[in-house]
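The values are calculated or read from the model by the stated rules, or taken from the named source; none is laboratory data. Just so you know, these numbers come straight off a predicted model, no measurement behind them. Note that we place each Cβ from the backbone using ideal geometry, even for glycine, and neighbour counts take in every protein chain shown. SASA here: full protein model, heavy atoms, side chains in, ligands and nucleic acids out. Shrake-Rupley method; radii C 1.70, N 1.55, O 1.52, S 1.80 Å.
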Amino acid sequence: MKLFEHKPFDARAVMGFGILNGISIGLLNLSLGFNSVGFYQMTKLAIIPCTVLLETFFFRKKFSRNIQLSLAILLLGVGVATVTDLQLNLLGSILSLLAVVTTCIAQIMTNTIQKKFKVSSTQLLYQSCPYQAITLFIIGPFLDGLLTNQNVFAFKYTPQVLFFIVLSCLISVSVNFSTFLVIGKTSPVTYQVLGHLKTCLVLAFGYVLVHDPFSWRNILGILIAVFGMVLYSCYCTVENRQQKASDISAELSQVKESESDPLISVDNGSGILSDGVVPKAPVWNLNKDLHA
């Protein structure tokens, strides 16, 4: 439909990213299926500190004390609001650990690939979705049969079921698009903060619209989480302004150094002698050539 420019780039990077992204989605669903809801929420909370550790160790990215404090407040609030029961089991714990690691790596790759190859979120999504879909189509039914002893192709698909499957696919495409867009424009950590805001909104809308049970613990947790999100946004804004100001000052200092460099000044025709006399341009001298 020519809504964006098709831009092919490194096929190996796209293939690896698409496969890893598909695996992370499958592992998150498996984690939810083999764990309690409370333990699954703890898994989601672990994604932020894991992302911070990976970016610190492998990309040498520095997070200030203020950012770390705001993230800690955010995680505390979401934990208080959402984590209820923690039922541990070996298989569920292994799946959750793998889900956290693969999700963190996939989100970091979403940011780095867009910046490295200078592609938009739509271009990256367009290139990687076929590999992601093939990965899930091959691994999904096999794991379903292995872990649940049920065959997905043996299910009787009624028109109503097919309608909701198609609707779910359309919603998931929009979620993928927004995910790539947010991570590409900001960072994986900021995307996780936005995801926890979504969790708080789900709890609030559930109480308002469908009258889900709500306790003082949920309210307190949401307030703490929102406070942490506000702090994170403020600190990120301040640090981005400081970074831009330092970049501008560095560029200005480079320009001044280049203007004060005598070699560059002579090349530009603006060389000045020490006594303040401007040197004259070389003049053609016929007699000098004849004497030579």
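Think of the chain as a dipole: +1 on every Lys or Arg Cβ, -1 on every Asp or Glu Cβ, centred on the Cα centre; then among Pro130, Leu203, Pro188, Leu203 lies furthest on the positive end. Each residue of the stretch 161-173 was assigned a 3J(HN,Hα) from its phi angle through the Karplus expression (A = 6.51, B = -1.76, C = 1.60, θ = phi - 60°), giving 5, 4, 4, 6, 5, 5, 4, 4, 5, 5, 5, 5, 5 Hz with x at Gly and Pro. Once the convex hull of all Cα atoms in the chain is built, its volume per residue stands at 253 Å³. Using alpha-carbon positions, what is the distance between the centroids of the stretch 210-237 and the stretch 1-77, in Å? One Cα centre to the other: 21 Å. Residues considered: Gln114, Gln160, Gln87. Largest GNM mean-square fluctuation over the chain, using C-alpha springs under 10 Å, is found at Gln160.
Put a plus charge on the Cβ of each Lys and Arg, a minus charge on the Cβ of each Asp and Glu, and nothing anywhere else: the dipole of the chain about its Cα centre is then about 420 debye. Working from Cα pairs under 8 Å separated by at least six residues, relative contact order for the chain is 28 percent. Annotation: Asp144 carries an accessible surface of approximately 60 Å², with a 1.4 Å probe and no ligand, DNA or RNA atoms counted. For the stretch 121-202, the relative contact order works out to 40 percent when only alpha carbon pairs closer than 8 Å and six or more residues apart are counted. Residue-wise HN-Hα couplings along the stretch 105-111, as the Karplus relation 6.51 cos²θ - 1.76 cosθ + 1.60 with θ = phi - 60° gives them from phi, are 5, 5, 6, 5, 5, 4, 6 Hz; Gly and Pro carry x.
If you keep only loop residues by DSSP, which trypsin sites (Lys or Arg not before Pro) in the stretch 1-91 have at most 14 other Cβ atoms within 10 Å of their Cβ? In loop regions of the stretch 1-91 (DSSP not H, G, I, E or B), the sparsely surrounded trypsin sites (Lys or Arg not before Pro) are Lys2, Arg60, Lys61, Lys62. Taking Val175, Val189, Val101 in turn, the Gaussian network model of the chain (Cα-Cα springs below 10 Å) assigns the largest fluctuation to Val175.
Does the stretch 84-127 come out rounded, prolate or oblate by the C-alpha gyration tensor, with a ≥ b ≥ c the root eigenvalues, rounded set by a/c under 1.5 and, if not, prolate when a/b is larger than b/c and oblate if not?
Because a/c hits 1.5 or more and a/b exceeds b/c, the stretch 84-127 counts as prolate.
In a DSSP loop and with at most 15 other Cβ atoms within 10 Å, the trypsin sites (Lys or Arg not before Pro) in the stretch 142-215 are Lys156. Backbone phi angles across the stretch 29-34, fed through the Karplus curve with coefficients 6.51, -1.76 and 1.60 (θ = phi - 60°), yield HN-Hα couplings of 5, 5, 4, 5, x, 10 Hz in residue order; Gly and Pro are listed as x.
For the stretch 1-147, calculate the relative contact order in percent as a whole number, restricting contacts to Cα pairs under 8 Å that are 6 or more residues apart. Could you put the intermediate results ahead of the total?
Details: 125 pairs, mean separation 69.3, N = 147.
47 percent.
Once you order the gyration tensor axes a ≥ b ≥ c over the Cα atoms, which shape class does the stretch 1-65 get: rounded for a/c under 1.5, otherwise prolate or oblate by comparing a/b with b/c? Mind dumping the intermediate values first?
Details: a/c = 2.39, a/b = 1.31, b/c = 1.83.
Verdict is oblate for the stretch 1-65.
Inter-label distance, His211 to Lys116: 5.4 nm, where each label sits 7 Å from its Cα along the C-beta direction. If a spin label sat at a point 7 angstrom from the Cα of Ser174 along the line to its beta carbon, no backbone N atom of the stretch 25-44 would be nearer than 12 Å. For Lys116, the solvent-accessible surface with a 1.4 Å probe is about 150 Å², rounded to the nearest 10.
With everything on Cα atoms, drop me the angle between helix 216-260 and the longest principal axis of the chain, reported from 0 to 90° to the nearest 10. With both axes taken from Cα atoms, the answer is about 10 degrees.
Partners of Lys7 within straight-line reach, counting lysines whose Cα lies under 20 Å from its Cα and excluding those fewer than 8 residues away in the same chain: Lys115, Lys116, Lys118, Lys185.
Which shape class applies to the stretch 170-238: rounded if a/c is under 1.5, otherwise prolate when a/b exceeds b/c and oblate if not, where a ≥ b ≥ c are the square roots of the Cα gyration tensor eigenvalues?
In terms of gyration-tensor shape, oblate.
Percent of C-alpha pairs per 10 Å bin in the stretch 51-187, short distances first: 9, 25, 34, 25, 6, 1.
By how many degrees, between 0 and 90 and to the nearest 10, does the Cα long axis of helix 121-148 differ from the longest principal axis of the chain? Orientation of helix 121-148: about 30 degrees from the principal axis. Take the Cα of Glu5, step 7 Å toward its Cβ, do the same at Lys244, and the gap between the two points is 2.5 nm.
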